[in-house]
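Working notes for the structure below.
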Amino acid sequence: MNTTGAALLAPSPSGGQYDLMYYLKGAAAGGICCSITHGALTPVDVVKTRVQLDPVKYNTGLIGGFRTIIAEEGAMALTTGLGATAAGYFVQGWFKFGGVEFFKIKAVQTLGEEAAWEKKTAIYLGAAAGAETIADIFLCPLEAVRIRSVSDPSFCDGLADGFVKMAKLEGIGGFYAGLVPILAKQVPYTMAKFAVQGEAADAIYASMGKTPAELSSSTNLGISLGSGVIAGVASAIISHPADTLLSKVNKKGAGGDGPMMTRLMNIAKEVGFVNLCTVGLIPRCVMIGTLTAGQFGIFDTVMNALGASKFHFHNPADSH
């Protein structure tokens, strides 16, 4: 029943187009988009991490932070952790975007189109939570090395060196010291990111009375970018307290020597709830808004280049 033309116009989950090849393309596109966007924003992340770790010294905001670091350490200091960032987020993007596509489509195949359309927000949230949890298990060691190298630039000469040193000093546990805060930060962040982006994109398509297949690739790209900005700002606000905790807990000796939850509670008490939610929030909204729009834009572009038609929820009651 599914001719290629019909499959493109109304992707029917029962068709054979969502096969292993489709998921591999989605994973590759996810790896590429996350690696490019996070890699490009490394300088912003270096400043943001320093502001969170040492707010007394870096108290002049984002631009002032750039000036301080360049004046004291040279411009190359802004690329600290670039290798770990690009590699870590390629791996994370692979599992995150590939996983979301996989879980989303499997849910539709299990529930059927009508039930899936009614429960699409829950599917977005569940798919994002599952995919992000898997992705974070792979990301955590790279993130530990990156934060250590940003907070102590003399710690290592690159990713491989950082891994060896950290393994010797702290063992496997050192790589996963930040797993609880990473999950606490990334899982709600990703759930908000995919659910808000999906809902925003669906709302824009509905307001135009068109399906993605009826619009040009540049219009679809514009919708991806616009819905990405909305999703980025929403998810930045939701995940900011955990992001601040994560930056601080990887700093040597932060929160005392007890178990992870005790250390996190100690840091939260020291910093105070309002500061946890607000310090560095504006630069983070700018950063995550840009990042998320870029990710969805690049993801869609790469998917098109690979010849894959991205899955969209379909309302069976529509005449389209």
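Values quoted throughout were computed directly from the atomic coordinates according to the rules given, and no laboratory measurement underlies them. Since this is a predicted model, take the numbers as computed values, not measurements. Cβ coordinates were reconstructed from backbone atoms using ideal geometry, including for glycine residues, and neighbour counts include every protein chain displayed.
Which value, in debye to the nearest 20, gives the size of the charge dipole of region 22-132 about its Cα centre, when Lys and Arg are +1 and Asp and Glu are -1 at the Cβ?
Numbers: 10 positive and 9 negative charges, 2 e Å.
In total the dipole reaches around 20 debye.
Treat each spin label as a single point 7 Å out from the Cα along the C-beta direction, and report the Q109 to E270 distance in nm.
Using points 7 Å along Cα→Cβ, the separation is 4.9 nm.
Using a basic spin-label model with each label point 7 Å from the Cα along Cα→Cβ, how many nm lie between A122 and A40?
The answer from the label model is 3.7 nm.
On full extension of the chain, what length is gained from V56 through D152, given 0.36 nm per residue of separation minus the C-alpha to C-alpha distance? Walk me through the numbers on the way to the answer.
Numbers: separation 96, 0.36 × 96 = 34.56 nm, distance 1.70 nm.
That works out to 32.9 nm of additional length.
So if we plug the beta-carbon distance of A77 and M208 into 1/(1 + (r/R0)^6) with R0 = 51 Å, what FRET efficiency do we get, rounded to 0.05? Could you put the intermediate results ahead of the total?
On the way: r = 46 Å, r/R0 = 0.90.
Taking R0 as 51 Å, the efficiency between A77 and M208 is 0.65.
What's the FRET efficiency of A160 with L281 using the Cβ-Cβ distance as r and R₀ = 35 Å, to the nearest 0.05? Mind showing how you got there, number by number?
On the way: r = 34 Å, r/R0 = 0.98.
The formula returns an efficiency of 0.50 here.
Which of the listed residues, I36, A127, S247, is farthest toward the dipole's positive end in the chain, when Lys, Arg count +1 and Asp, Glu count -1 at the beta-carbon?
My answer, from the dipole projection, is S247.
Quick check: Cα centre of region 190-219 to Cα centre of region 62-124, how many Å?
Answer, in whole Å: 19.
Radius of gyration and Dmax for the chain's Cα atoms, expressed in Å?
Values for the chain (Cα only, Rg and Dmax): 20.7, 66 Å.
For the chain, set up a GNM with springs between Cα atoms under 10 Å and report which of I172, I69, I204 has the largest fluctuation.
Comparing I172, I69, I204 in the GNM, the peak value goes to I172.
Looking at V100, A115, G65, which one has the Cα that reaches farthest to the positive end of the dipole of the chain (charges on Cβ: Lys, Arg +1; Asp, Glu -1)?
G65
Calculate the dipole size of the chain relative to its Cα centre from +1 charges on Lys and Arg beta carbons and -1 charges on Asp and Glu beta carbons; express the result in debye to the nearest 20.
That gives a dipole near 580 debye.
Between I238 and D19, what length comes free when the chain is fully extended (0.36 nm per residue of separation minus the Cα-Cα distance, one decimal in nm)?
Details: separation 219, 0.36 × 219 = 78.84 nm, distance 3.39 nm.
Between I238 and D19, full extension yields an extra 75.4 nm.
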